[in-house]
Amino acid sequence: MDEVGLRRVLEPAGVLPQAAWRLDARPEIAADEVRIRVERLNLDAASFRQLADKHGGDGDAVRAEVLGIVAARGKMHNPVTGSGGMLIGVVDAVGPASPLPVKAGDRVATLVSLTLTPLRITDGLAGWDGRSEQVPAEGTAVLFARSVVAVLPDDLPPELALAVFDVCGAPALTDRVVREYEGTPAVAVLGGAGKSGSLSLTAARLAGARTAGIVPTEAEAATLRAAGLADVVAVADARDPVAVSAAVSGALGGPATVTVVCVDVPGCEHGAILATASGGTVVFFSMATSFPAAALGAEGLAADVTMLIGNGYVPGHAEFAVDLLRRVPAVRALFEARVARD
């Protein structure tokens, strides 16, 4: 058995599918693989923003580039951001040796990145205008034995479930990190009004933290205040280290014990580090993060902080995120508004 999908790597030889330049996306499956009939892609926020900015919001050009990436690489792997997204679809075929807990006909979300998922698009993305992260699509995708997949919950619309599953690693890891601190830790979430940010704020508060949501505009601040998901909301550009540090200290009465970065633009590393107390933790969930900038920035600031890469997987993360959505109506309302806009 080839549980990690090495057989699908076309170039370069010897690397895992995520690191590969090109994958074999043919729909024929091996005994330990699963084929998905694709219904919708969810491009990760950093990738979609990069594509939209590159093409000045021209949806046709964005659609053409996504099609070109998938055709050339056999997966949706943005060569600039290095990120992809995830998808939902219907299980079409299950190899007899697959250990994944799905069967033909199940409607599922893939909880692994599109950057390592063999993907074939067959409809030219005709139903997508190129102006949203969620992409109606037809085609096939292949999962490996070590892939992660979840059957979609019956009580959520597929588009809503996809939006939650896309970021479900963030609240689960936030919960784990916050609970490692005694007392009432102070948690700052940069990008607190977004998908991963709102879930992370909710998880932190339920874990016993004092929370501050940091957002870039007064409009987002008003939305977050109305939702009531953070104890304090402050406005600062996450790319401005001094402004972020001042906003966090003003909101929490000092630096944060835990800072969670959920911003889909580059250049937010130093502000997050500067805003975090000695002995604290910075969790980077944005695929726009430069990890050399984070490491060297912390060194240059003599910052004694633990820095974690949010890898998108924590055991039970999908169930945890869906439970937050069910338990906290304000979170669900934010997600429903986001999906409606998309």
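Every read-out reported here was derived from the displayed coordinates using simple, explicitly stated rules and does not represent laboratory data. What you see is a predicted model; the values in this text were computed from it and never measured. Cβ atoms come from the backbone with ideal geometry, glycine included; neighbour counts cover every protein chain shown.
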#### Entry: About the Cα centre, charge dipole magnitude for the chain (Lys/Arg +1, Asp/Glu -1 at Cβ), debye
200
#### Entry: Net charge of Cβ neighbours under 12 Å - reference residue 59; Lys, Arg +1; Asp, Glu -1
-2
### Task
Could you tally the net charge around residue 230, taking each other residue with its Cβ under 10 Å from the Cβ of residue 230, Lys/Arg +1 and Asp/Glu -1?
+2
### Query
Running Debye on the chain with equal point scatterers at the Cα sites and no solvent, what base-10 log of I(q)/I(0) appears at q = 0.12, 0.13 Å⁻¹?
-0.84, -0.97
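Could you calculate the FRET efficiency of residue 2 with residue 90 from 1/(1 + (r/R0)^6), where r is the beta carbon distance between them and R0 is 25 Å, rounded to 0.05?
With a Förster radius of 25 Å, E is 0.55.
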### Message
Between helix 317-327 and the chain, what is the angle of the helix's C-alpha long axis to the longest principal axis, kept within 0 to 90° and rounded to the nearest 10?
### Response
60
### Task
Using all C-alpha to C-alpha distances in the range 86-208, build P(r) with 5 Å bins and read off the rounded percent in each one.
2, 10, 16, 18, 17, 13, 11, 7, 4, 2, 0
### Query
Given 0.36 nm per residue, what is the gain on full extension from residue 239 to residue 342 after removing their alpha carbon distance, in nm?
34.5 nm
### Summary
Checked against the positive end of the charge dipole of the chain (+1 on Cβ of Lys and Arg, -1 on Cβ of Asp and Glu, about the Cα centre), the farthest of 259, 110, 307 is 110
### Message
Based only on Cα atoms, what mean projected area does the convex hull of the range 45-151 have, in nm²?
### Response
6.5
### Task
Check the straight Cα-Cα distances from residue 195 and name the lysines below 28 Å, setting aside those fewer than 8 residues away within the same chain.
54, 75
### Query
So how do 320, 165 line up by other beta-carbon neighbours within 10 Å, fewest first?
320, 165
## Note on the structure
For residue 126, the net charge from surrounding residues (Cβ-Cβ under 12 Å; K, R +1; D, E -1) works out to -3
### Task
Run through all the Cα pairs of the range 169-341 and give the fraction in each 5 Å bin from 0, expressed as whole percent.
1, 10, 20, 24, 22, 14, 6, 2, 0
